[in-house]
Amino acid sequence: MANRRVRVLIADDHRLFAEALEAILATDERVEVVGRAGDGREAVELARKLKPNIVLMDVSMPVLDGFEATKEIRTAGSRVRVLMLSGSNSRADVDRSRELGASGYVTKDRIASELVEAIVEVSKRRLP
């Protein structure tokens, strides 16, 4: 991905939080936000349509939670990587995320300091 921007889809049902994420990401030239989803079903559909490199997936969302949306994205054979976002650092949530194919997990309290680097790092990893 040298010299290419990492294409990111934000999936979070809290509009103001999603807008804040987008503003944070807009400050880094390595990242391009290509869309926003307000629920898990929309995240799956936009991931198929927009083909981002990374989906920032909130764990807790309506219609289809982040875990199930991640499972659908990953089992569809997609090359999209999922980076889970959560207010919790529960070991069970981290483990479940990984089992369902997520490439990483960031707690919302660490977003400002770690999110862009996590996105760039995850975008470089090979998919299993």
Any chance you could count how many residues in the range 75-113 are among the acidic types (Asp, Glu) and either closer than 18 Å to Leu21 by Cα or surrounded by 13 or more Cβ atoms within 10 Å (Cβ to Cβ) (or both)? 2
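Residues in the range 95-128 that are assigned to a helix (DSSP H, G or I), farther than 15 Å from Arg7 by Cα, under 14 Å from the mean Cα position of the chain (by Cα) and not β-branched (Val, Ile, Thr): how many? Give the steps one after another, and end with the answer.
Here is the first cut: in the range 95-128, the residues assigned to a helix (DSSP H, G or I) are 95-99, 108-124.
Next, from what is left, pick out any that are farther than 15 Å from Arg7 by Cα: 95-99, 108-114.
Going one step further and asking which of them are under 14 Å from the mean Cα position of the chain (by Cα), we end up with 97-98, 108, 111, 114.
Keeping just the survivors that are not β-branched (Val, Ile, Thr) gives 97-98, 108, 114.
The qualifying residues number 4.
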Residue pairs qualifying under the 7 Å Cβ cut-off, at least six apart or on distinct chains, with the first in the range 80-93 being within 21 Å of Ser123 (Cα to Cα) and the second being in a helix (DSSP H, G or I) and of a type in the set (A, V, I, L, M), are Val80/Ala47; Val80/Ile73; Arg81/Val122; Val82/Ile73; Leu83/Ala118; Leu83/Ile119; Leu83/Val122
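Sort out for me the helices (runs of 4 or more DSSP H) sitting completely within the range 1-94 that have 1 or more residues that are within 21 Å of Glu114 (Cα to Cα). Write out each step before concluding.
On the way: elements: 15-26, 40-50, 66-75.
Qualifying helices (runs of 4 or more DSSP H): 15-26, 66-75.
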Can you find a residue that is in contact with a Lys or Arg (Cβ under 7 Å, 6 or more places away or on another chain) and either surrounded by fewer than 19 Cβ atoms within 10 Å (Cβ to Cβ) or of a type in the set (Lys, Arg) (or both) anywhere in the range 47-63? yes
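For the range 99-128, enumerate the residues that are of a type outside the set (Ser, Thr, Tyr) and modelled with pLDDT of 90 or more.
Narrowing the range 99-128 to residues of a type outside the set (Ser, Thr, Tyr): 99-102, 104, 106, 108-112, 114-122, 124-128.
Residues satisfying the conditions are Glu99, Leu100, Ala102.
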For the range 19-75, enumerate the residues that are of a type in the set (Gly, Ala, Ser) and under 20 Å from Ser90 (Cα atoms). Ser60, Gly66, Ala69
Scanning the range 70-121 residue by residue, those under 24 Å from Lys49 (Cα atoms) and small (Gly, Ala, Ser) turn out to be Ala76, Gly77, Ser78, Ser97, Gly101, Ala102, Ser103, Gly104, Ala118
Kindly list the number of the only condition in (1) under 18 Å from Arg36 (Cα atoms); (2) touching a Leu at 6+ places or on another chain (Cβ under 7 Å) that fails for Asn53. (2)
Residue, nearest to Leu25 (Cα to Cα), within the range 114-128, restricted to residues that are surrounded by 14 or more Cβ atoms within 10 Å (Cβ to Cβ) and in contact (Cβ under 8 Å) with a residue 40 or more places away in the chain: Val116
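The values are calculated or read from the model by the stated rules, or taken from the named source; none is laboratory data. Predicted, not measured: the structure shown is a model, and the values here were computed from it. Cβ sites come from the backbone with ideal geometry, for glycine too, and all protein chains shown count toward neighbours.
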